[in-house]
Amino acid sequence: MTGVPTTGQDDRPGSAVFRVLLRMEIHPGREREFEETWLKVGDAVTGNPGNLAQWLLRGEAGEKEAEGSVYYIVSDWTDEPSFRAFESSEAHVRHRELLHPYRGAGSMMTMNMVYALRGAGAG
């Protein structure tokens with residue numbers, strides 16, 4: 001098994017992907033609204049030329065169940081400067097404003113992909 005530095009776009013070596021992981025605690029009963037709004041405003045992120053992809057994931061049942069649900073948003077970027085430029089843009093400010101009413105708490109982590117190993121099930 002060999003891993004290679006990757007751009008995340010294919011298996012060819014290249015510059016490492018810059019990944020952002022957001023953890024969001026959503027107010028109880030507002031999960032469906034949050035999901036629908038996230039989907040509607042997602043192009044604010046994916047429409048940016050520096051964005052490679054993004055995903056919305058919901059935590060396992062029971063995670064913060066009494067206080068709402070925990071969601072994770074993962075976005076991959078061509079590089080950190082592209083993400084930072086987006087982060088300070090008017091498009092991002094508007095994106096955050098639309099999602100903010102659903103959020104109780106949250107955190108952000110950033111990282112650089114070092115290796116990507118493609119699994120057998122990926123084809």
Nearest-10 value in Å² for the accessible area of residue 19, using the 1.4 Å probe: 70 Å²
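Answer rounded, prolate or oblate for the stretch 17-123, using the Cα gyration tensor with square roots of eigenvalues a ≥ b ≥ c: rounded when a/c is under 1.5, else prolate when a/b is larger than b/c, else oblate. Don't skip to the end; give the middle numbers.
Working: a/c = 1.96, a/b = 1.25, b/c = 1.57.
Note, shape of the stretch 17-123 comes out oblate.
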Accessible surface of residue 74 - all protein chains present, 1.4 Å probe, nearest 10 Å²: 20 Å²
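The values are calculated or read from the model by the stated rules, or taken from the named source; none is laboratory data. As the structure is a prediction and not an experimental result, all values here were calculated from the model. For the accessible areas, the whole protein counts, side chains as well, though only heavy atoms, and no ligand, DNA or RNA atoms are used. Shrake-Rupley method; radii C 1.70, N 1.55, O 1.52, S 1.80 Å.
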